[in-house]
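The values are calculated or read from the model by the stated rules, or taken from the named source; none is laboratory data. Note that this is a predicted model, so its numbers are computed, not measured. Please note: Cβ atoms are built from the backbone with ideal geometry, for glycine as well, and neighbour counts cover all protein chains shown.
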Amino acid sequence: MKSLFIDCNDQLAPVWQRVVRGDDPPIDVNGTAFTPAELPRLLQGYDICIDDHSYLPTALAAQCDALKHVVFLGTGAASYMNVEELAAHGIRVHTIKGYGDTAVAEHAIALMLACCRDVARMDREIRSGIWITREGMQLAGKTLGVIGLGGIGREVVRIGRGLGMQVLAWNRTARPGEALVGLEEVLERSDVISLHLVLNDETRGFLGPAQVARMKPGVVLINTARAALVDETALIDALRSGRIGHAGLDVFYAEPLARDHPLAAMQNVTLTAHAGFRTLEASMTLLRRAIDIVRGIAGQASLPEHAGAGSV
């Protein structure tokens with residue numbers, strides 16, 4: 001089976017070289033920029049596509065003559081492709097979990113600290129010749145609300161407690177051994193709220209106008225999960241009114257964020273470029289697991305027809 005890493009950028013290329021082994025299945029690597037319309041040409045003859053956050057429209061994927069598997073580098077494939085529609089065309093999407101739990105949790109905490117001390121704004125002002133000592137919020141003794149207790153959320157809980165914060169946690173399902181509270185309590189009592197839910201039909205727009213209205217005035221909202229978990233209009237309105245005092249955002253409805261987007265002009269928003277999972281350690285784990293998925297697919301394809309094909 002032929003495999004192509006479709007969008008290996010300059011940052012990932014040296015990491016890729018570090019994790020590839022001599023006995024790995026052959027995987028071609030494309031480091032040249034392309035438009036979505038070029039996907040059928042680029043993937044012609046390839047059975048497997050490794051995708052690092054490139055959009056894969058169903059209509060174009062369906063034109064890729066040999067494509068049967070997409071290995072998405074992360075968990076949020078639904079933000080870049082319609083997994084169900086691809087499946088209907090015989091294309092299976094594989095995602096990779098747990099590779100960057102610590103990296104993303106640390107980034108969420110970094111955004112929280114930056115927001116609470118207005119770090120980015122003071123940096124911008126000093127560079128432009130303005131010297132203003134801005135008052136921040138001390139986190140010790142404050143309440144951190146964590147929404148979603150997967151691997152990342154649990155790491156945020158651990159670090160938050162280490163900072164001396166009281167932690168309230170809510171999850172969509174019960175977590176044995178975890179003291180959970182109701183969502184309304186998290187919204188109403190938290191000084192900082194950090195989102196760590198997966199994006200699907202049930203969580204899209206999870207924080208809408210009604211939920212935002214329940215938040216403590218001046219709350220700090222951190223989103224390193226998926227932008228579509230939060231109603232964007234409600235977010236912008238709350239930032240303008242002060243209901244949300246500051247937002248730390250690593251994810252956006254459209255990436256890269258447009259320069260003229262309202263969020264880009266707000267002083268009470270700290271922005272990062274979907275970088276929460278980007279550490280060397282996490283990237284090495286991620287790429288190694290992607291290669292192992294390709295190995296598993298290739299191995300199943302090489303089995304005698306009567307042996308059947310198991311899932312990867």
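Things to note:
- Sole exception among (1) touching a residue at least 40 places away in the same chain (Cβ under 8 Å); (2) in contact with a Gly (Cβ under 8 Å, 6 or more places away or on another chain); (3) surrounded by fewer than 18 Cβ atoms within 10 Å (Cβ to Cβ); (4) not basic (Lys, Arg) for Gly164, by number: (1)
- Top-ranked residue in the range 22-46 [being of a type outside the set (A, V, I, L, M) and touching a helix residue (DSSP H, G or I) at 6+ places or on another chain (Cβ under 8 Å); ranked as nearest to Tyr80 (Cα to Cα)]: Pro36
- Number of positions in the range 174-195 that are assigned to a loop (DSSP other than H, G, I, E, B), at pLDDT 95 or above and over 17 Å from Gly141 (Cα atoms): 3
- Condition met for Thr233 (under 21 Å from Thr272 (Cα atoms) and touching an Asp or Glu at 6+ places or on another chain (Cβ under 6 Å)): no
- Any chance Gly218 is buried (at least 19 other Cβ atoms within 10 Å of the Cβ) and small (Gly, Ala, Ser): no
- Residues of the range 14-36 that turn out to be of a type outside the set (Val, Ile, Thr), assigned to a loop (DSSP other than H, G, I, E, B) and in contact with a strand residue (DSSP E or B) (Cβ under 8 Å, 6 or more places away or on another chain), as a count: 3
- Taking the range 44-66 as the range and being within 25 Å of the chain's Cα centre (by Cα) and hydrophobic (A, V, I, L, M, F, W, C) as the test, the residues that pass are Ile48, Cys49, Ile50, Leu56, Ala59, Leu60, Ala61.
- Residues (over 25 Å from Asp10 (Cβ atoms) and either modelled with pLDDT under 95 or of a type in the set (Phe, Trp, Tyr) (or both)) located in the range 257-298: Ala298
- Selection of the range 257-272 for residues being within 21 Å of the chain's Cα centre (by Cα) and either among the hydrophobic types (A, V, I, L, M, F, W, C) or closer than 16 Å to Ala228 by Cβ (or both) yields Leu257, Ala258, His261, Leu263, Ala264, Val269, Leu271.
- Residues of the range 284-305 include at least one that is under 14 Å from the mean Cα position of the chain (by Cα) and either in contact (Cβ under 8 Å) with a residue 12 or more places away in the chain or surrounded by fewer than 14 Cβ atoms within 10 Å (Cβ to Cβ) (or both).
- Qualifying positions in the range 86-132 - in contact (Cβ under 8 Å) with a residue 24 or more places away in the chain, outside any helix (DSSP H, G or I) and not aliphatic (A, V, I, L, M): His89, Arg92, His94, Lys97, Gly98, Tyr99, Gly100, Asp118
- Test: residue in the range 52-68 that is touching a Ser or Thr at 6+ places or on another chain (Cβ under 8 Å) and within 22 Å of Ala254 (Cβ to Cβ): no
- The set of residues in the range 37-77 that are exposed (fewer than 13 other Cβ atoms within 10 Å of the Cβ) and part of a helix (DSSP H, G or I) comprises Ala37, Glu38, Arg41, Ala59.
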